[in-house]
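The values are calculated or read from the model by the stated rules, or taken from the named source; none is laboratory data. Every value quoted in this text rests on a predicted model; they were computed, and no experiment measured them. Note that each Cβ is placed from the backbone with ideal geometry, even for glycine, and that neighbours are counted across all protein chains shown.
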Amino acid sequence: MIAVVQQGNTALWMFLAFVAATLVITYFSARKSSGASAYFAAGRRITGWQNGLAVAGDYMSAASFLGIAGMIAMNGYDGFLYSVGFLVAYLTVLFLVAEPLRNTGKYTMADVLAFRLSPKPVRAAASVSTLTVSLFYMIAQMVGAGVLVRQLIPGVSYEVAVVGVGILMVVYVVFGGMLATTWVQIIKAVLLISGSLFLSYLVLQKFHFDLGQFFSSLTAISSTGPNGETMTRNFLHPGLIFKNPWDQISLGMALLFGTAGLPHILIRFYTVPDAKTARASVVWAMLIIGAFYIMTTFFGFGAASLLGPDYVKANGGTNMAAPELARVLGGEVFFAFISAVAFATILAVVAGLTISASTSFAHDFFVNVIHHGKEHRPGEEVKVARITAFVVGAASIGIAILLGPAVNVAFLVGLAFAVAASANLPVMLASLFWRRFNTAGAVGGLGVGLLSSIGLILVSPDFMKEPIFPLKNPALVSIPLGLIATWLGTVLSKEKASEEKFVELTVRAQTGLGAEKATEH
Amino acid sequence: MNRDDRCRRIFRDPDFAELVRRKATLILPATLFFVIYYFALPVAAGWFPEFMQKEIWGRVNVAYLFALSQFLMTWGLAFLYVWAAAGWDRREHQLLKKIGADSKE
């Protein structure tokens, strides 16, 4: 009993140290940041490697750290397929989106659309899509945070954990803006990478750094089957858990094309001085994210080999595989460290989501749709964003508590990626590269992409015992639907202004002429 | 010369067309390649399990090595892109200088 309390305390102290460090950063950011560009885009003065770490921090959520480690620990190779998709997706970001987005936009994804299309309808539609993606993703993270903290720090209840996470993310965003949020991401990414490096090192040490021996141990993993029988499986074989390949393909499409449409990732490219730095930051992010996902080999498969699926199931379940492995290999202090890292991971991701949702509401909806593109009073845009961050925080705390810890929310992350892939990416690419493209195409694509993703999820196996739609992720169908709507809306209407503006957009997207500049010191 | 005129002049400039063409020559085939290479993995895992289970290096099988190769493929294409983009940056700089537009503006 005493041991339990002490181990809880170590995790708690380590977490409080992280919170203290981030609050100091928030304090200094708040003193530094004034003006919209400072608040929404950190003054566009973040460097390439800093933004690379921040993108990685925004992206590597608890789902990827705890979820993938757990999936590999329980069922082997199939879980590793997720790791692959999460990294390859960055080629879409690098090749097609990051640089033109930085050159043409100001604070949000909708800026790229509003450049040549009728601003009010496209900003309204893009804002709805941004808020939807951010809220889905956020609720999944909040519920995950509550469940996790309850397991990691004894004595803290689900509700207290959710409220705590919610208050902290609102404090970072309201007071520190993009600069504080960026540094929270950077610290979290460094902690996560260090933690996984050390965990991987401890796993390999157990195998005397002999990779052959490590992989051999994975070919015969024993566990208890569904009917109480003992089964021995080769964890390097595909298909141990995923029986329908179309599920994997649909999920792969959501990851590959959705990452480049995730609003909280896209707005990170506005924090750097120019498109070249945006390019460099994607490459930094790819190195960090790739290194992390390769390491899931060691701590995911390592948990399967050294702990075994039965042990993981009996000690906190799938999501606790990585922390439990840390406890067994590194003792209570390392367990506490990995637990604190997991919590920091969630906190950083929800802060990134909060600022993307509030930026879109303030910049796209409030200033540009309701107030016709002008602030009525100076500083109004930032003020509205701060209020929105507060409302978003309160709403997600409320929803997470209402849903409770028992609800399975993993599908919400898949849904967020599906909406980003089916609604956001097609219209953004069409706006950048298709001369004929127009407002009807954008609103049609965003609307159909969003609604078809949500509609298909509602009739999928996650919601129905006898599902009408057989796949867990809707992307395989919703992406083509989004594309068809984008195309149909465009060819069925004509918009001269959009075609004329294409010249300016292309020159600006490809050369950076007239792009937003970093603020002076 | 206002911004609209300058944009139109750049857009009509053969050097700009050449810059865009060079970008497309790398980006389009590379995108096609990584999409096909990526989806080959779930296709092979789902429909060709025997091929994927073949052991190549000790007990390490095709499935794991194929997945690992995706990481190397991704990094390789990223560095190819960065290398090519350095050339695009030079062309872009010369083009803007010729038109009299400073990218710092």
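Descriptive notes on the structure:
- In the stretch A:403-421, the residues that are β-branched (V, I, T) and in a helix (DSSP H, G or I): A:V413, A:V419
- Residue count, the stretch A:66-85 (criterion: of a type in the set (F, W, Y) and either free of Cβ contacts under 8 Å to residues at least 60 places away in the same chain or surrounded by fewer than 24 Cβ atoms within 10 Å (Cβ to Cβ) (or both)): 1
- Residues of the stretch A:64-102 that turn out to be under 30 Å from A:P273 (Cβ atoms) and within 11 Å of another protein chain (Cβ to nearest Cβ), as a count: 14
- The stretch A:464-486 - residue that is among the hydrophobic types (A, V, I, L, M, F, W, C) and in a helix (DSSP H, G or I) and, of those, surrounded by the most Cβ atoms within 10 Å (Cβ to Cβ): A:A475
- Filtered by the rule that a residue be outside any helix (DSSP H, G or I) and of a type in the set (K, R), the stretch A:359-402 gives A:K374, A:R377.
- Selected residue [out of contact with any helix residue (DSSP H, G or I) (no Cβ under 9 Å at 6 or more places or on another chain) and modelled with pLDDT of 95 or more] from B:L26, B:L65, B:L77: B:L65
- In the condition set (1) surrounded by 24 or more Cβ atoms within 10 Å (Cβ to Cβ); (2) closer than 29 Å to A:S452 by Cβ, A:D247 is compliant with all but (1).
- Residues that are surrounded by 24 or more Cβ atoms within 10 Å (Cβ to Cβ) and of a type in the set (G, A, S), drawn from the stretch A:251-302: A:G252, A:A254, A:G258, A:A260, A:G261, A:A275, A:A278, A:S281, A:A285, A:G300, A:G302
- Extreme residue, nearest to A:L306 (Cα to Cα), among residues of the stretch A:179-229 that are among the charged types (D, E, K, R) and part of a helix (DSSP H, G or I): A:K206
- Checklist (1) farther than 20 Å from A:V88 by Cβ; (2) facing another protein chain (nearest Cβ under 10 Å); (3) of a type in the set (S, T, N, Q) applied to A:T277, failing item: (2)
- Residue list for the stretch A:506-521, filter: more than 9 Å from chain B (Cβ to nearest Cβ) and part of a helix (DSSP H, G or I): A:A509
- Residue in the stretch A:78-87 that is closer than 27 Å to A:D364 by Cβ and touching a Leu at 6+ places or on another chain (Cβ under 6 Å) present: no
- The residues on offer are A:A17, A:A21, A:A98, A:A30, and the sole one that is buried (at least 24 other Cβ atoms within 10 Å of the Cβ), assigned to a helix (DSSP H, G or I) and either among the hydrophobic types (A, V, I, L, M, F, W, C) or within 21 Å of the chain's Cα centre (by Cα) (or both) is A:A98.
- Residue selected from the stretch A:487-505 under the condition within 14 Å of another protein chain (Cβ to nearest Cβ), surrounded by fewer than 20 Cβ atoms within 10 Å (Cβ to Cβ) and aliphatic (A, V, I, L, M), by the criterion nearest to A:F433 (Cα to Cα): A:V503
- In the stretch A:306-327, the qualifying residues are those that are assigned to a helix (DSSP H, G or I) and without any contact (Cβ under 8 Å) to a residue 24 or more places away in the chain, and the one that is surrounded by the most Cβ atoms within 10 Å (Cβ to Cβ) is A:E324.
- Looking only at the stretch A:491-521, and only at residues there that are within 22 Å of A:G105 (Cα to Cα) and of a type in the set (S, T, Y), the one that is farthest from the chain's Cα centre (by Cα): A:S498
- In this structure, A:L113 qualifies as modelled with pLDDT under 95, under 19 Å from A:K501 (Cα atoms), part of a helix (DSSP H, G or I) and not aromatic (F, W, Y).
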